[in-house]
Amino acid sequence: MRTLVANYSTWQHHRVELLKTLALRALSPVEPIEYCKRWIKGVDPNSRGYRKTCIEELAKATKLSKTTIKDWGEGFESRPSYVLHILAQADKLNQIRELVGDSSDSQG
């Protein structure tokens, strides 16, 4: 039992240290394609429907309409620069949720 408590305590300490590191790390801009690669799980980027799923995920993260995001082009190359910063914030929040074990929707 003691070993179990010690292991749990070490694990909790490790998670707290990871959260501190993540919180202090400067935000780096995140491109829409990169955001989708990181946070769309279980869907092959080459599969039919991936772009639609990516647009839906970007709409959740940015609170912009799917139509607006579709207008950024096939590879989202015409996206406005401010979106990179919104996605950086969403990316960091997703990382924190992952560390603390929050299974709620990525932005919902």
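With the highest mean first, a sort of the peptides 71-82, 52-63 on other beta-carbon atoms found within 10 angstrom per residue produces 52-63, 71-82. Placing R0 at 22 angstrom, the Cβ-Cβ distance between residue 74 and residue 95 gives a FRET efficiency of 0.20 after rounding to 0.05.
Every number in this text was worked out from the coordinates using simple rules, so none of it is lab data. In this text the structure is predicted, and so the values were computed from the model without any measurement. Don't worry about glycine lacking a Cβ; one is built from the backbone with ideal geometry, like all the others, and counts go over all protein chains shown.
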